[in-house]
Amino acid sequence: MVSLNHSAIHLTKSISDVEEALLDYNYYPLRGLSKLQSSLLTMQASTQSEDFHPLFHPRLDCLLASVKKLSDSGSPYDESYHAVFSSASDALFQIALAYQFGVDHSLQLSHLLSEERDCWSKLSNMADVLDKNPVAIAYTASLSADSFSMSSSALEDVLISLSGAGEVSFHLTTSLNSMYRGYFKLITIQSLSWLKSRYPDLDWRGPIRLTEDSLKRLCELTFLPLFQNLTMPRASRALLLAQFEHDFKDIHYQKFDTLFSGKTNSVLNGHIRVPVERDFPRIDFDQSMICFPVHHGGYVYSAYRSLNGQELSQKVVYTACLGRDFLPHFLYEVSTTFGQCVFDQKDVHGRYAVDESDFQCDDGQLWLSLEGVRAPLLLSLPIFAQNAAAYCLLPHCISNVILIAQAGQYFALPYDDIRGVEGICAKIRSPQAWVKNVWQTPSNAFLLEPLLFHFENAPIIQSKPNHQRFGNKDKSGYYSGRLGELSIWLSAELVSVILPYQSPNQFVWMNDRQFVSTAFIIQDGECFDKVLSQYTCYDSALVLDEPAEFSVVLECEENSVVLPVSDCEWHASLPDEWISPSSLGDIDSESKHSKPFDSMLFSHKSAVVTAENFVLFVAEFGPYFHQFKSDY
């Protein structure tokens with residue numbers, strides 16, 4: 001009677017399982033490595049004899065350890081690893097099968113365990129080259145033109161297949177008659193070349209960013225409150241802010257010079273990391289331009305100055321908005337004879353002690369030459385506080401200057417004192433001429449950074465989705481209240497937020513040799529500079545001589561205004577006796593009126609503002625947002 005060798009039966013099955021696992025690894029790396037590890041453990045249990053060659057068990061242990069390390073690294077597919085696993089497992093199985101015919105037979109194959117074989121040296125080095133913290137990358141795959149859409153069963157098959165490579169989802173765009181069209185999103189550590197070779201019927205794109213716009217928005221909303229949270233332990237707050245800033249900058253920021261197509265020999269500050277929106281196109285580079293980033297109104301813009309021979313144009317032209325910058329900056333708060341202001345420390349090139357003999361006069365302008373840089377001396381600033389003196393310094397009174405760079409130009413500013421502060425820039429819908437940036441400190445104080453150059457072609461920032469551009473249609477009804485002596489009704493779709501009355505910040509700036517009084521408020525990191533206040537309203541129809549109860553922010557068509565309103569209440573509709581606001585479409589927007597609201601009156605001293613007449617409303621109130629004066 002013939003007896004069965006159960007060890008041989010087990011080994012034969014293990015060999016078959018290993019072959020199947022290696023085939024799976026080629027198409028489904030995660031599943032293949034899992035099967036390979038299980039099969040090798042079965043083999044290990046079947047070969048416990050001490051009569052094997054002394055290297056047999058260490059080699060088997062090394063193979064198992066390498067398979068486990070590759071699994072722990074996310075199971076990436078690698079053709080060289082595939083060959084190594086196949087060669088090493090084949091050698092071990094040959095020796096194990098030979099052992100069934102006697103110890104001498106297995107020892108005759110001991111050369112298969114020699115270090116001279118590449119598979120063993122590569123296995124021993126695998127631990128050093130494997131990434132213990134692999135980075136998963138997101139790719140999208142759409143149906144090719146030949147398979148424009150697919151059925152639910154076919155879609156399910158593809159999802160199951162892709163799940164072997166990583167985390168997969170399907171994003172539906174259209175469906176018709178049980179046929180579906182859309183795209184797959186796969187988060188995997190596998191390479192794009194592997195995906196294309198394994199799934200050639202899909203059109204692969206990527207990599208794409210893993211962070212979604214909603215997550216980015218959540219981070220933006222979170223950072224300012226965290227920055228201004230002074231009740232948190234100082235060390236914990238600093239650690240959390242630093243980690244937050246590092247991770248977010250790594251994902252959403254890149255070096256400025258990487259945004260250009262072609263050579264970038266004439267790019268200033270190209271090493272600075274700037275926020276860049278998703279899918280931002282490359283900037284065409286012109287050798288006749290000097291390009292640089294400009295931080296203005298909480299956003300970063302690409303800008304240039306024309307180069308004509310050796311002469312650099314003074315005109316700064318903005319070409320595109322790169323993105324919103326809401327991370328903190330280190331600033332210098334500078335005390336001058338005309339008030340306090342701040343500058344980004346990255347823009348400050350040094351502080352110098354000077355005297356009158358260091359100045360050169362050229363066409364009535366004083367200049368300083370400092371470390372190879374020639375800069376005009378600023379004897380006044382274009383912006384200062386209401387209570388600050390506005391006068392020019394005498395040169396012999398200047399002993400210290402700070403050298404500042406803005407938009408590729410240098411300026412020397414006299415100062416009395418200077419200290420370091422930290423701030424986050426409030427966002428402004430589009431760059432304004434009255435200020436470069438409004439900074440918020442951890443204690444929620446505001447600091448103004450003056451604009452020292454003239455710019456052109458500033459793009460408008462569309463901060464809201466297009467469907468909200470003409471008001472928020474989800475809101476209905478009207479808010480009524482008093483604006484000075486007027487009764488005003490506001491369409492609810494225009495009302496962004498109703499706040500307890502915010503006393504506006506008042507300052508003065510110079511515009512075409514005229515002093516301009518302007519007020520602004522900051523709310524949730526945004527600066528609103530169209531604010532009606534007693535500082536700017538001098539019309540008898542709008543007497544605002546006492547604080548109101550509420551500050552109402554209206555937003556529509558990329559415009560925003562802040563109104564001081566009292567007795568604010570919501571109503572489902574306008575009073576029955578009032579004319580429908582739709583009749584406002586016939587108003588002549590070019591007509592001139594002696595008092596605000598004349599074109600919008602429905603009854604004596606009562607008015608309604610809707611999305612249809614909002615632009616007219618803003619235009620009529622233009623003079624009341626910035627009051628021109630000459631007697632400061």
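Key figures
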item: Residue ID - surrounded by the fewest Cβ atoms within 10 Å (Cβ to Cβ), chosen from residues in the stretch 166-208 that are among the aliphatic types (A, V, I, L, M) and at pLDDT 85 or above; result: Leu192
item: Members of the stretch 497-516 found to be surrounded by fewer than 18 Cβ atoms within 10 Å (Cβ to Cβ) and either under 24 Å from Ser566 (Cβ atoms) or hydroxyl-bearing (Ser, Thr, Tyr) (or both), listed by number; result: Val497, Ile498, Leu499, Pro500, Tyr501, Ser503, Gln506
item: Any chance Glu371 is in the same structural domain as Gln432 (by the TED database), at pLDDT below 90 and not aromatic (Phe, Trp, Tyr); result: yes
item: Test for Val561: is it open to solvent by less than 60 Å² (accessible area, probe 1.4 Å) and at pLDDT below 80; result: no
item: Selected residue [at pLDDT 90 or above and among the aromatic types (Phe, Trp, Tyr)] from Trp570, Trp578; result: Trp570
item: Single unsatisfied condition, Asp146 versus (1) modelled with pLDDT of 85 or more; (2) of a type outside the set (Val, Ile, Thr); (3) open to solvent by 50 Å² or more (accessible area, probe 1.4 Å); (4) under 47 Å from the mean Cα position of the chain (by Cα); result: (1)
item: Residues that are of a type outside the set (D, E, K, R), within 23 Å of Ala433 (Cβ to Cβ) and either open to solvent by 20 Å² or more (accessible area, probe 1.4 Å) or assigned to a loop (DSSP other than H, G, I, E, B) (or both), drawn from the stretch 305-325; result: Ser306, Leu312, Ser313, Gln314, Thr319, Ala320, Cys321
item: Residue within the stretch 239-252 that is open to solvent by 20 Å² or more (accessible area, probe 1.4 Å), charged (D, E, K, R), modelled with pLDDT of 80 or more and not in a helix (DSSP H, G or I) present; result: no
item: The stretch 327-353 - residue that is outside any strand (DSSP E or B) and not basic (Lys, Arg) and, of those, modelled with the lowest pLDDT; result: Phe338
item: Strands (runs of 3 or more DSSP E) contained in the stretch 483-523 and holding at least 3 residues more than 16 Å from Leu451 (Cβ to Cβ); result: 486-491, 495-500, 514-523
item: Unmet criterion (only one of (1) buried (at least 16 other Cβ atoms within 10 Å of the Cβ); (2) in contact with a helix residue (DSSP H, G or I) (Cβ under 6 Å, 6 or more places away or on another chain); (3) modelled with pLDDT under 85) for Ala388; result: (2)
item: Scope the stretch 60-79; condition over 47 Å from the mean Cα position of the chain (by Cα) and open to solvent by 40 Å² or more (accessible area, probe 1.4 Å); matching residues; result: Asp61
item: Condition check for Thr264: at pLDDT below 85, under 22 Å from Ala405 (Cβ atoms) and touching a helix residue (DSSP H, G or I) at 6+ places or on another chain (Cβ under 9 Å); result: yes
item: Selection count where residues are over 17 Å from His111 (Cα atoms) and either assigned to a helix (DSSP H, G or I) or at pLDDT 85 or above (or both), scope the stretch 39-61; result: 9
item: Residue within the stretch 226-236 that is of a type in the set (Gly, Ala, Ser) and modelled with pLDDT under 80 present; result: no
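The values are calculated or read from the model by the stated rules, or taken from the named source; none is laboratory data. Note that this is a predicted model, so its numbers are computed, not measured. Cβ atoms come from the backbone with ideal geometry, glycine included; neighbour counts cover every protein chain shown. Quick note on the areas: whole protein, heavy atoms, side chains included, nothing else; ligands and nucleic acids left out. Shrake-Rupley method; radii C 1.70, N 1.55, O 1.52, S 1.80 Å.
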